[in-house]
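**Q** Take this structure, written in structure tokens, and hold onto it; I'll ask about it next.
Computed from the coordinates by the stated procedures, all read-outs in this text should not be read as laboratory data. All figures in this text were calculated on a predicted structure; none of them were measured in a lab. Every residue, glycine as well, gets a Cβ built from its backbone with ideal geometry; the counts of neighbours run over all protein chains shown.
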Amino acid sequence: MAVTQTCASGKGVLIVGGGQAGLQVAVSLRQGGYDGPVTIVAAEDRLPYQRPPLSKAYLKESQPFERLVLRPERFFSENAITLRRGESVSAIDRKSECVELLSGERLVYAHLVLATGARNRNLAVPGADRSGVHGLRTANDAERLRAAIGTARRLVVVGGGFIGLEVAATARANGTEVTVVEAADRLMGRVVSPAISDFFLAAHRAMGARVLLGEAALAITGTETADGVETASGHHPADLVLLAAGVVPNAELAEEAGLATERGILVDSFMTTGDPKIFAVGDCAVFESRHADGLVRLESVQNAVDQGKCVAARILGAGLPYDSVPWFWSDQGPYKLQIAGITSAADHVHAIGSPSEGRLVVFAFRGERLLGIETVNRPGDHMAGRKLLASDLRASRAEIEREDFDLKAHLQKLAAG
């Protein structure tokens, strides 16, 4: 079978995935002086775009898609980056150092970057395929959901994570009745401390949403169109249902090529797989981090961007191991949650501020170790927390729990030596 190269000059960097992580690899390569071919194969037939606004501003406002775009179309031609939209890779041939597209065309590579992202987890309940049942992962999903929310009277959100709660807050602001169904015993339990879960449970109920904890969706009812969700406590009427039960990393392509996977594509501290010519970045990559115990897979803009830069530097023959402090954010109605570090495994928290005033700082510990800092409507403290976690001179638990402890003042003290 003939091999079609992406550029007449020969092998270059081939990036599978047109999201934030994949685009960042291409941008950083060109910024670093890489002059070989760079090709991005993107499954969506759109320019690379931001995903976080899909469940927030883009869902709430009738704004054009162009406001989400990360780089205009001319950027790709001006920087000699080949963007192949609406195409998918079906297989990797590591021996021949090429990939095969669904069309049968083969593209060669000197370096292959897997930025395949993740997909929504399928909820295996009766009725999940009914009309009126939505997921939210792509801009197409957001546009369909935005149109539906505009006319819906009652929304049931299945899943109490970031996406589900962001959509719930947006729908409530639109006047829609909202019920959130969460199978776990607290909201956002995979990513935040119990103190933050409690804060947002109270906040969403105060915004007028019904929140059901410890209840799984048993069925989505209706004939052709969904009319509600059945749980152990009964039937919850709806004319719109959002399934937001988490995501699954797209690791099958790597696994079929014989690369190691474990809840994602396994990589080392340089984002390299077991094949030195193949990297993985973003939502699909699993790696060890000093900010967590064991392997982690992170879904955040920060992680996607920083890993993309790390891989580009490695390809250019430089760079350091990936060691960035993870940080995340979620806008839910009037509340901006920001997290520095990985806090879900905390066994002790120390909170500063007043939940009743909508402002809070939570220091999350495991024993004496500071895992991370969560803030609500305290952006200055969030930035200080990121700096503290990046420092080798962290405050002790005893210092932090002193009544007069001030995070920003502590950082200034450290900076002064």
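**Q** Out of residues 5 or more away from T221 or on other chains, whose amide H comes under 5 Å of its own, with H placed 1.01 Å from N in the peptide plane?
**A** Those qualifying (amide H under 5 Å, at least 5 residues apart or on another chain) are D227, G228, V229, E230.
**Q** Within the stretch 192-230, report the GluC sites (Glu not before Pro) that DSSP leaves as loop and that have at most 15 other Cβ atoms within 10 Å.
**A** For GluC sites (Glu not before Pro) across the stretch 192-230 that sit outside H, G, I, E and B with at most 15 neighbouring Cβ atoms in 10 Å, the list reads E224.
**Q** Cα centroids of the stretch 116-135 and the stretch 275-333: how far apart, whole angstrom?
**A** Centre-to-centre distance over Cα atoms comes out at 27 Å.
**Q** In percent, what relative contact order does the chain have, based on Cα pairs under 8 Å that are 6 or more apart in sequence?
**A** 14
**Q** Continuing with this model, one more query. When only alpha-carbon atoms count, how far does the stretch 51-166 stretch along each of its three principal axes, as whole angstroms with the largest first?
**A** Principal-axis extents of the stretch 51-166 (Cα, largest first): 54, 37, 24 Å.
**Q** Something else now. How large is the helix-only mean residue ellipticity at 222 nm for the chain, computed as the sum of -39500 (n - 2.57) over DSSP H runs with n ≥ 4, divided by its residue count, in deg cm²/dmol to the nearest 500?
**A** The helix-only estimate for the chain comes to -7000 deg cm²/dmol at 222 nm.
**Q** Going by how many other Cβ atoms sit within 10 Å of their own, how do F279, F75, F287, F405 line up, fewest first?
**A** So the ranking, lowest neighbour count to highest, is F405, F75, F287, F279.
**Q** Grab the chain and count how many Lys pairs have their alpha-carbon atoms under 22 Å apart, sequence gap of 8 or more, or different chains.
**A** Number of lysine pairs found: 12.
**Q** Among A168, A313, A285, whose mean-square fluctuation peaks in a Gaussian network model of the chain (Cα, cutoff 10 Å)?
**A** Looking only at A168, A313, A285, the biggest GNM fluctuation is shown by A313.
**Q** I need the Debye-formula profile for the chain: one equal scatterer per C-alpha, no solvent, reported as log10 I(q)/I(0) at q = 0.07, 0.10 1/Å, two decimals.
**A** With one equal scatterer per Cα and no solvent, log10 I(q)/I(0) is -0.37, -0.75.
**Q** While we're here: Taking the Cα centre of the chain as origin, sum charge times position over the Cβ atoms of Lys and Arg (+1) and Asp and Glu (-1), and report the length of that vector in debye to the nearest 20.
**A** Roughly 740 debye, rounded to the nearest 20.
**Q** Counting trypsin sites (Lys or Arg not before Pro) as exposed when in a DSSP loop with at most 13 other beta carbons within 10 Å, what is the longest stretch of the chain free of them?
**A** 291-401
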